[in-house]
1. Pull out all pairs, ordered by first then second residue, where Cβ-Cβ is under 6 Å, the residues are six or more apart or on different chains, the first lies in region 41-64 and is at pLDDT 95 or above, and the second is of a type in the set (Ser, Thr, Tyr).
2. Does Leu130 qualify as being closer than 27 Å to Ile85 by Cα, among the aliphatic types (A, V, I, L, M) and either within 16 Å of the ligand (Cβ to nearest atom) or surrounded by fewer than 23 Cβ atoms within 10 Å (Cβ to Cβ) (or both)?
3. Using beta carbons and a limit of 7 Å, which pairs, at least six apart or on different chains, have the first residue in region 141-168 and without any contact (Cβ under 8 Å) to a residue 24 or more places away in the chain and the second one within 16 Å of the ligand (Cβ to nearest atom)?
4. Could you list all residues from region 206-236 that are away from the ligand (no atom under 14 Å from the Cβ) and in contact (Cβ under 8 Å) with a residue 60 or more places away in the chain?
5. Identify all residues within region 213-250 that are closer than 16 Å to Thr176 by Cβ and modelled with pLDDT under 95; write none if there are none.
6. Is it true that some residue in region 202-221 is on the phi > 0 side of the Ramachandran plot and over 16 Å from the mean Cα position of the chain (by Cα)?
7. Take residues that are out of contact with any helix residue (DSSP H, G or I) (no Cβ under 8 Å at 6 or more places or on another chain) and tell me which of the strands (runs of 3 or more DSSP E) falling wholly in region 1-91 contain 3 or more.
8. If I ask for residues that are within 17 Å of Tyr43 (Cβ to Cβ), of a type in the set (Val, Ile, Thr) and free of Cβ contacts under 8 Å to residues at least 60 places away in the same chain, which ones from region 82-118 would you list?
Amino acid sequence: MRRKVIAANWKMNKLPNDAMKFIAELVTIVKETDVEIILCVPYIDLFYCILNVQGTNIKIGAQNMHFEDSGAYTGEISGEMLKCIGVKYVIIGHSERRQYFGETDEIVNKKLKSAFRNDLKPIVCVGEKLEERESGKAIEVITSQTQKALDGLTKEQVENTIIAYEPIWAIGTGKTATSEDANESVKAIRAKIAEIYGDDTAQKVIIQYGGSVKPSNAKELFSTSDIDGALVGGASLKAEDFSKIIEYKD
Ligand code: PEP
């Protein structure tokens, strides 16, 4: 049985003080849980958050990284740097990075390899645009993105990759995929992994859904056969909302 993994993506929100207040609040309101909780926070919040989650079950991740470990890449942050301050997770290939910063499948693949080189667990995002869904190409797009992202990884690395299926038309729009559609897409991603790496590996991979997940739809999404949790944007900014998603069973 795969565990549920619920990750927050704060995007470019929260100064260190707000981040620390959020953690203090989340710790007091989340009861005992078997859900794995990850907060993916802006770079400047990372170290404060790592210090503030000590002794809790919350893990901290970054939202991006460069694929080289060091070098002349002004303004960039490497996997080696993230590892050195105790970061454990990193989001790779979020649609906003693909869309606004030109990240291609090849760059995403290089970043995944760099994440593993630096003992970081990647949360790699795949997802189709609205026109791709409407023209019946969604499954082709997301399985191709998955295959290209994972290219050249070992089975063990694939098993340690978290995939976030995030239909772009559902991100930050309030529109959620139906639980049936989201589950079908997640199943197709798992089937592609099974085809390349074997069913044993595919059954171990955590595949999240992301796209306007909120307290009111979390339970239904997480009750499906293949969705193993969520990557949450907007609804992760308030500790109260985020805690309700973590406590979706209640
Ligand atoms: C995201 O940015 O990964 C996301 C899923 O955002 P939202 O929950 O706001 O749709």
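1. What qualifies is Gly61/Tyr89.
2. no
3. Matching pairs, first to second residue: Val141/Glu128.
4. Scanning region 206-236 gives Ile206, Phe222, Asp228.
5. Tyr248
6. Within region 202-221 (the criterion being on the phi > 0 side of the Ramachandran plot and over 16 Å from the mean Cα position of the chain (by Cα)), the answer is no, since none of the residues qualifies.
7. 36-40
8. Result: Ile85, Val87, Val90, Ile92.
The values are calculated or read from the model by the stated rules, or taken from the named source; none is laboratory data. Please read these numbers as outputs of a predicted model, since none were measured by experiment. Quick reminder, even Gly has a Cβ in these numbers, built from the backbone with ideal geometry, and neighbours come from all protein chains shown.
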